[in-house]
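What follows is one structure encoded as structure tokens, with my remarks underneath.
Derivation of every value follows stated rules applied to the coordinates shown; laboratory data play no part. Predicted model, so just to flag it, every value in this text is computed and none were measured. Because the Cβ atoms are built from the backbone with ideal geometry, glycine has one as well, and the counts that use them run over all protein chains shown.
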Amino acid sequence: MIWKHSCKSCLRMGWKAVLFALLTAMATMFLYLAVNTWLSSERMLRECDEAYTTIAVLEYIGDNYPGETEYDPDMQAAAAAFDYSSITGSEHALSWEQTNLSVGSVEGMAARSQQIPYRSGCVLVVENIRYVDGYDAYWGDIVAAPYSFTEEARGKHVFLDLPLDYEHPVTEEKTFDGEVHEITSYPPLYTFDPEKRYVIAGEYTDLIRPTKTVRPTPFYSAAASAAGVSSIAAFAEVDDVEALLSDQTNPYMQISDFYRMMNNKVYVQFTYDLSVLNPFYQELVKLNEGRLFTTEEADAGAKVCVVSETVAACTGRGIGDFIEVKLFRASGLPLSDCYWTEESIAATERYEIVGITNYVEGYQYNIYVPQPKDTVVALGERQYFYTLGQAVLKNGSAIAFEEALSPHLTNRMLLSTYDQGYQDVADSIAMIRQTAVVLTIAASVSALVVLALFGFLFIMRQRETVETMLYLGTPRRAAYGYLLFGAALLVLLSAALGACAGSLLSDRLIQGAYGMVCALQAIDLRYSNGYSGVVREFTPMSQTSPLFALAIVLVVFAAALIFCLFFAQRVVRLHRVAKKRKKRARAVKPPKRSSHLPGGAWKFAVLSIRRGGVRSAAVPIAALALTLFLLTLAQTGASYNEALDALYDTAKIEGDFTAMNGKLTGNLSILPRYIQTLQDSGFLSEASYAIAKPYMLLADDSAAVKGGVVITSDPYAMELHANAAYSAPKLVFTTSLGTAPEFRYSTPIAAYADGFDAEMFSGVYPEIPEGTLPCLVSKQFLETHALSFGDSFTVVCMRQTAMGYRYTLWPLQIAGSFVPQSALDNIYVPLNYTLEEISAFAFTGYEASDAEILLSGAYLNACHFELADASALGAFKDALTELGFSGPHAESFIRVAITLRDKAFSESVRDLNQRITYMEMLYPVLYAIISIVGVTVSYLVVSARREEMAIMRGVGGSRMRVFRTFFLEQALLCLAGTGAGAAAFLLYHGTFAFWQEIALFVGCYLLGCALAIGVLNRASTLQILGERE
């Protein structure tokens, strides 16, 4: 019976019961969502740490970067001097693996790529070599092909493109149209007997036509030279073809073996964990079929491997098949010339194929082999490869690792960290967690307030009923049951409803919050140096569980029960004590003297303020605090906007043309019109560029230079000069010394002769002999050749024309020296031609100078520029996209990447925009709350003065006079507090520009006063005194 009446008592409350039920359900839902978001964010952070991997790749940016074809002694020296314990001993590094990449060859492999180094090389056995008048050429019949990229068969014809003997010209007299003319011709340098067979080493000049043309060429190889074979003649007589083919010591069979090994070479990458190797980590190289080898197999030294689909196709192997790999010795020779006979093989291994990867340019000939963890690698074994190694880092420690390692890096060492987007995801989740913690505290306090108010109203309002029950002899236990059962049941049902609503909304809340935070943290990474590799997607999920919902319901229920029990005990205790409380009358002290003030409403308002004491001080203090809070909030938002404007005004955003991986290199091929397009776009304030041409010193120059070349007309000697020029130092034409790739990772340190300075690269320098260019050379160049400032010398550049190779001579005068950052003796001269002129040189014909001929149609090798306006960064990126420029790892139809150094700027802009966005979201809410507080406080303050208002009305005061008196009193108090707050703010900050905010707050406060006075004034005096709070 008691339980029934307890429930009816709750139902009799009507709309109040419904209101408190909704408040309890909302408080429970709020608490559920806050706590669930907190716990889910903690769980997501753990899952994120497990799902993501952070790596750091250490590279050396050499002169040929990213082309890993030549031995780089500077890289070797830097790698040997580097303190690897700075990585292995770092608290941020989980593991470190030095690059262990070797060159080798696979037995039975037949590469058919168009990019193999000796695609045109061949060794053929030819007979019946004769001159054919109809073709005006020599040709013969192929007997055998020890090596040929194309499939030549016995009996096919081949043309021979024989070099001419320019040293022994032949002059003949011939008659044309009745006139005798002397005709000079050059006989073939080589002669053949049609009755004999020859083995010919040479190059195909045309691989497209069915009948090929071969140019016999003396064979030279750095690897052969290192083995004691300086050169091999272009041809030799053959008596026994079968004996030739079976004799592997024959020089021409060794040439065939050389071509076969070099054209079919593979790169063998030894690694412990293939999944974190950079190409796999970046999802550039992916598994097509099979599997990756495991770390357990690596520790066990298993003979398994993963190959590219190109290697699998060229060897005819598949999953489960075996391949035999021959590894070459480390010799310091060029990568395309590192094998000569079996002596060059260091080891032969047999591996089972367990996986096949996709085709990726640059990785198509890779084989991946496991090695035990912490394998020590000798430096010489990776002499060609600029990647020194990579480390696996603790997630979230990339920045700290970079800062700790940067003091140990040389100028050309570059550390790149990649985290798959972990930091952005973790920061977003951490921000959600931080917000969830605050909301959990707020939800807990709100829930406690609602439940305490619920317990007070539901229990204390039934005090008289409980006293009556107890007077009639009802047991205290039954009284407790009457008070608690209905209230507890109502709370339990409301809490269950709120928990169900929270569980339905939790996923949407977390996904919405995550999406909003990610949007605020997003940075436009197009063309940015902030690119951190591939980004993995993360899907946030809430931690919904019936047990968790039940726990929230029980917590809310228990808190409500505790509050209800507290007030129930108070009700029962009051009945037991039953004391009469005496009200002590407070004696009102009369004022020491009467106060007189002219004016009606003004007089009573001021007197009320003076006599109000603490009551009068409360309003100005509250107005002062709220004013300072409001002004500080407005000032904070304004300071963020000012900081953003200042950042746009002072930021300096630079950019470069780079390789496709975003790294600076001097091996680019940039059309002048690309740079001209950028300059014409109007976004750049300045641009500098450089053109590098290989040079050699002229041997017969007047200066006492050491070494050098001798000018010759011998085509073979000129071709040797041209081949040597590929690895020669560069003559760099530039508009700024700092633009040169050699100085892109360090500041150039230069000394100049009298009258010269850095402006020489802008074309500003003293008068020098006509046709001579001022130049900067390295200090080691001066020491090697015993030169000094003001001396002159000549360099030779090679250029290829339709008529063969030609020389271009450059007279130079030394105008200064610099501290080299490269092993090459590069020379720097001013680029005195505009981009339009460089583009037009190709059409100047025979009237062009040597300089114009050399630079005609030249590709620029480096370009550095600066944006005129940082605020136009987004528009500039849009323009680059429309123009078709590529970015780091983002290819477009212009296959040259542009990389902007905007990472720090973009992150600063993002952080400021985040704060501005938060203020824009928070400011209206807080302002509305403050306004509501102003209205509410003023309403309550005035409502508490109902007795004074009734007295004034009772002694004959009119409604208007009462309104003016109380309104003026509150207006004076509010304005006093607001004015004091504004004055303090102005004194501290020195400026004040937020009058609208202050006016709106004062208006809201006065509105509350007017409402309260108006509501009370509408009633009669007895109604005012009789109305309950």
Sequence-distant aspartates and glutamates (8 or more away, or on other chains) whose Cα lies within less than 13 Å of residue 196: 127, 141, 237, 239, 240
May I ask you to compute the full-extension gain from residue 1011 to residue 240, defined as 0.36 nm times their residue separation minus their alpha-carbon distance, rounded to one decimal in nm? 265.5 nm
Summing Lys, Arg as +1 and Asp, Glu as -1, what charge do residues with Cβ under 14 Å from the Cβ of residue 422 carry, residue 422 excluded? -4
Neighbourhood net charge (14 Å Cβ-Cβ; Lys/Arg +1, Asp/Glu -1) for residue 251: -3
I need the calculated FRET efficiency for the pair residue 832 and residue 156, taking r as the beta carbon distance and R₀ as 56 Å, to the nearest 0.05. 0.55
What's the local net charge at residue 302, with K and R +1, D and E -1, over the other residues with C-beta under 10 Å away? -3
By how many nm would the segment from residue 441 to residue 371 lengthen if fully extended, with 0.36 nm per residue of separation less the alpha-carbon distance? 19.9 nm
Determine which residues of the range 270-288 fall in the zone a paramagnetic label at residue 349 would reach in this model, i.e. backbone nitrogen under 14 Å from the point 7 Å along Cα→Cβ. 270-274
For residue 324 paired with residue 669, estimate the spin-label separation in nm (one decimal), with each label point 7 Å from Cα along the Cα-to-Cβ line. 3.9
Report, ordered by chain and residue number, the aspartates and glutamates lying within cross-link reach of residue 303, taken as a straight Cα distance under 13 Å and ignoring same-chain residues fewer than 8 apart. 321, 324, 349, 352
Neighbouring Cβ atoms within 10 Å as the yardstick, rank 747, 315 fewest first. 747, 315
Efficiency by 1/(1 + (r/R0)^6): what FRET value for residue 115 and residue 907, r their Cβ-Cβ distance, R0 = 56 Å, to the nearest 0.05? 0.90
Quick check: residue separation of residue 247 and residue 183 times 0.36 nm, minus the Cα distance between them. What number comes out in nm? 18.4 nm
Between residue 541 and residue 757, the two model label points (7 Å from Cα along the beta-carbon direction) sit apart by a distance in nm of 6.7
Would you mind getting me the FRET efficiency between residue 914 and residue 94? Use the beta-carbon distance for r and R0 = 41 Å, nearest 0.05. 0.85
With the crude spin-label approximation of a point 7 Å out along Cα→Cβ, what separation in nm comes out for residue 42 versus residue 958? 6.8
All aspartates and glutamates inside 19 Å of residue 779 as judged from Cα atoms, apart from same-chain residues fewer than 8 positions distant: 63, 74, 742, 754, 757, 791, 825
